[in-house]
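**Student:** The structure that follows is given in the form of structure tokens.
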Amino acid sequence: MFRKVMVANRGEIALRVVRACRDAGIASVVAHSGRDRDTEAVRLADESVQIGPSTPAKSYLNAAAIIQAALQTGAEAVHPGYGFLSENPDFADACERAGVVFVGPSAATIERLGSKVEARALMSEAEVPLLPGSPGTVGPSAALEVAERIGFPVIVKASAGGGGLGMRVIDGPGGFEDAFRATRATAGTLFGDPRVYVEKYLETARHVEIQVLCDGHGGAVHLGTRDCSLQRRHQKLVEEAPAPGLPTAVLDEMGEAARRGAVLAGYRGACTFEFVVHPDGSYYFLEVNCRIQVEHPVTELITGIDIVQEQLRVAAGEPLSVTQEDVDPRGVAIECRINAEDPDRDFAPAPGRIEEFVPAAGPFVRVDSYVRPGYQVPAEYDSLLAKLVVWAPDRDGACARMERALSEFRLSGPNVRTTREFLAAVIDHPDFRDATHSTSLVESWWCEPTPDEPEVPAPE
């Protein structure tokens, strides 16, 4: 096992990795920006080093500075967390060339699975079900032909996209070419790659994912399902494990399909296979995330497996500590992402100084957060402040416990607004309680006009 690991990230995931290192007897070094020098991850790590100013491009996205800091501090490995450089093949390759272990898959694997078109081709070879769509990236004319053949609505996706960005749903042929070109331009701006492809869009589908772990010794296991259907503009808000309301046979089949796909890809480390599930039980591959996921705690709570420690074991060349027979999910876990956003103003960012922070507590309640009273929530970074996670033996109990935990959770400041009350309304929604929700629930429900605010017709 490693003696020292550098954490090249910030916020709650940096703190999560520091704690995993401490539990495993590994010294940790946090590479941080000037803005994050006083954060909890820095305070609890064995060492810290500033790698740049607040601007992400000059700190958390500065690969050269991170690698240099790792070499200077004697860190044997770099854990990239999620976001930033976590799925950057150039960074993974640079770490390897510098003699520093990248905690994740190889650069070649990231590059192959990072291209959604190449990932689709690989999953087809692994006999994982795919949505109807274009065989590869396409131009506007060919895209329209594909859309008309498979039927609207369709979704145009950036081949190099991720994080819910670089995609657009198109309902019909009218204005198709303009929408297609706009998506392609966005892809070029965000990812430096304007290539896009077309897939069938399922309007009432569920978003279900499978956590997979692989080592370099032939070990490969899946840890069951997570439902991530509660989203807004493709950004996840609430996750739970296992995915509710789906036949056990379908869930088992999805798990095996994901494990099979990971093995064929020669994967090493933790990855997540994302699927879209139709109400009739059919499921289709979406993409592979080559990193730890924000929502990994719900899987940890139902399996008892520390996913971050498994990442470290595999990166150090050790086999997984579990086999598929050891994976025995129990109970139900739900996670709510508490963000510094104002739901009443179209979820506009609402950073500011935190004056009160009282996390929920009690049996089977977990809070992954990095904030404290007096902390100034920055505007430069992602708005996630805390992940509130609960476990119970059954789904009704988990929902009740989450309602209680949300009612106890307090985080406030003069300008800070959070999504806590919105999340309480989501958990109480009858579609969520009945497990009949889909990816369209939040958009259709939260944006509906209230009786006090009748809908105003759009100008012609």
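The values are calculated or read from the model by the stated rules, or taken from the named source; none is laboratory data. In this text the structure is predicted, and so the values were computed from the model without any measurement. Cβ atoms come from the backbone with ideal geometry, glycine included; neighbour counts cover every protein chain shown. To get the accessible areas, we keep the full protein, side chains included, count just its heavy atoms, and leave off ligands, DNA and RNA. Shrake-Rupley method; radii C 1.70, N 1.55, O 1.52, S 1.80 Å.
**Student:** Check Ala262 against each of (1) touching a residue at least 60 places away in the same chain (Cβ under 8 Å); (2) under 30 Å from Cys95 (Cβ atoms); (3) open to solvent by less than 10 Å² (accessible area, probe 1.4 Å); (4) part of a helix (DSSP H, G or I) and name the one condition it does not meet.
**Tutor:** (1)
**Student:** If you take the residues of region 94-115 that are closer than 21 Å to Gly192 by Cβ and without any contact (Cβ under 8 Å) to a residue 40 or more places away in the chain, which of them is most open to solvent (accessible area, probe 1.4 Å)?
**Tutor:** In this case the residue turns out to be Glu111.
**Student:** What tally of residues in region 271-292 results from selecting those that are free of Cβ contacts under 8 Å to residues at least 60 places away in the same chain and open to solvent by less than 20 Å² (accessible area, probe 1.4 Å)?
**Tutor:** Final tally of qualifying residues: 1.
**Student:** Name every residue in region 375-399 that is part of a strand (DSSP E or B) and open to solvent by 10 Å² or more (accessible area, probe 1.4 Å), in order of residue number.
**Tutor:** Scanning region 375-399 gives Gln376, Leu384, Trp391.
**Student:** Condition test on Leu165, is it of a type in the set (A, V, I, L, M), over 24 Å from Pro89 (Cβ atoms) and in a loop (DSSP other than H, G, I, E, B)?
**Tutor:** On the way: of a type in the set (A, V, I, L, M): yes; over 24 Å from Pro89 (Cβ atoms): no; in a loop (DSSP other than H, G, I, E, B): yes.
The answer is no for Leu165.
**Student:** OK, next. Looking only at region 12-31, which residues are open to solvent by 10 Å² or more (accessible area, probe 1.4 Å) and not charged (D, E, K, R)?
**Tutor:** Correct list: Ala24, Gly25, Ala27.
**Student:** From Ala147, Ala179, Ala160, grab the single residue that is part of a loop (DSSP other than H, G, I, E, B) and touching a residue at least 12 places away in the same chain (Cβ under 8 Å).
**Tutor:** Ala160
**Student:** Quick one: count up the residues across region 184-212 that are outside any loop (DSSP other than H, G, I, E, B) and either surrounded by 15 or more Cβ atoms within 10 Å (Cβ to Cβ) or not hydrophobic (A, V, I, L, M, F, W, C) (or both). Full working, then the answer.
**Tutor:** The first filter runs over region 184-212 and keeps only residues outside any loop (DSSP other than H, G, I, E, B), leaving 184-191, 196-200, 206-212.
Next, only the ones that are either surrounded by 15 or more Cβ atoms within 10 Å (Cβ to Cβ) or not hydrophobic (A, V, I, L, M, F, W, C) (or both) stay: 184, 186-191, 196-200, 206-212.
Within region 184-212, residues that are outside any loop (DSSP other than H, G, I, E, B) and either surrounded by 15 or more Cβ atoms within 10 Å (Cβ to Cβ) or not hydrophobic (A, V, I, L, M, F, W, C) (or both) number 19.
**Student:** Within region 412-430, track down each residue that is under 17 Å from Phe347 (Cβ atoms) and open to solvent by less than 20 Å² (accessible area, probe 1.4 Å).
**Tutor:** Once the filter is applied, which keeps residues that are under 17 Å from Phe347 (Cβ atoms) and open to solvent by less than 20 Å² (accessible area, probe 1.4 Å), region 412-430 yields Val416, Thr419, Phe422, Leu423, Val426.
**Student:** Among the residues of region 344-359, write down those that are more than 29 Å from Ile302 (Cβ to Cβ), open to solvent by 50 Å² or more (accessible area, probe 1.4 Å) and not in a strand (DSSP E or B).
**Tutor:** Asp344, Arg345, Asp346, Glu355, listed by residue number.
**Student:** Can you name every residue in region 312-325 that is surrounded by fewer than 21 Cβ atoms within 10 Å (Cβ to Cβ), in contact (Cβ under 8 Å) with a residue 60 or more places away in the chain and either on the phi < 0 side of the Ramachandran plot or touching a strand residue (DSSP E or B) at 6+ places or on another chain (Cβ under 6 Å) (or both)?
**Tutor:** Within region 312-325, Arg313, Ala316, Glu318, Pro319, Leu320, Val322, Thr323, Gln324 qualify.
**Student:** Something else: All but one of (1) open to solvent by 60 Å² or more (accessible area, probe 1.4 Å); (2) over 21 Å from the mean Cα position of the chain (by Cα); (3) within 30 Å of Val5 (Cβ to Cβ) hold for Glu145; state the number of the condition that does not hold.
**Tutor:** Tallying (1) open to solvent by 60 Å² or more (accessible area, probe 1.4 Å); (2) over 21 Å from the mean Cα position of the chain (by Cα); (3) within 30 Å of Val5 (Cβ to Cβ), Glu145 fails exactly one: (3).
**Student:** Could you list, in sequence order, all residues of region 432-444 that are out of contact with any Phe, Trp or Tyr (no Cβ under 8 Å at 6 or more places or on another chain) and not in a loop (DSSP other than H, G, I, E, B)?
**Tutor:** The answer is Phe432, Arg433, Val442, Glu443, Ser444.
**Student:** Same structure, new question: Scan region 360-374 for residues that are surrounded by fewer than 19 Cβ atoms within 10 Å (Cβ to Cβ) and either assigned to a loop (DSSP other than H, G, I, E, B) or among the small types (Gly, Ala, Ser) (or both) and report the count.
**Tutor:** Residues meeting the conditions: 7.
**Student:** Still on this structure, I have one more. Specify which of the listed residues (Glu125, Glu118, Glu47) is closer than 17 Å to Arg10 by Cα, open to solvent by 60 Å² or more (accessible area, probe 1.4 Å) and acidic (Asp, Glu).
**Tutor:** Being closer than 17 Å to Arg10 by Cα, open to solvent by 60 Å² or more (accessible area, probe 1.4 Å) and acidic (Asp, Glu) holds for just one of Glu125, Glu118, Glu47, which is Glu47.
**Student:** Within region 156-166, which residues are open to solvent by less than 10 Å² (accessible area, probe 1.4 Å) and of a type outside the set (Gly, Ala, Ser)?
**Tutor:** Val156
**Student:** Hey, which of the strands (runs of 3 or more DSSP E) in region 13-128, taking only ones fully inside, have at least 2 residues that are over 21 Å from the mean Cα position of the chain (by Cα)?
**Tutor:** 27-33, 47-52
**Student:** Which of the numbered conditions does Phe91 fail, given that it passes all the others? Conditions: (1) surrounded by fewer than 23 Cβ atoms within 10 Å (Cβ to Cβ); (2) under 20 Å from Gly161 (Cβ atoms); (3) among the hydrophobic types (A, V, I, L, M, F, W, C).
**Tutor:** All conditions pass for Phe91, except number (1).
**Student:** Output the residue which, of all residues in region 213-245 that are at pLDDT 90 or above and not in a strand (DSSP E or B), is most open to solvent (accessible area, probe 1.4 Å).
**Tutor:** Across region 213-245, the extreme among qualifying residues is His217.
**Student:** Regarding Arg181, is this residue modelled with pLDDT of 90 or more, over 27 Å from Phe102 (Cβ atoms) and surrounded by fewer than 17 Cβ atoms within 10 Å (Cβ to Cβ)?
**Tutor:** Numbers: modelled with pLDDT of 90 or more: yes; over 27 Å from Phe102 (Cβ atoms): yes; surrounded by fewer than 17 Cβ atoms within 10 Å (Cβ to Cβ): yes.
The answer is yes for Arg181.
**Student:** For region 413-432, give me each residue that is closer than 25 Å to Tyr201 by Cα and of a type in the set (D, E, K, R).
**Tutor:** Result: Asp431, single match.
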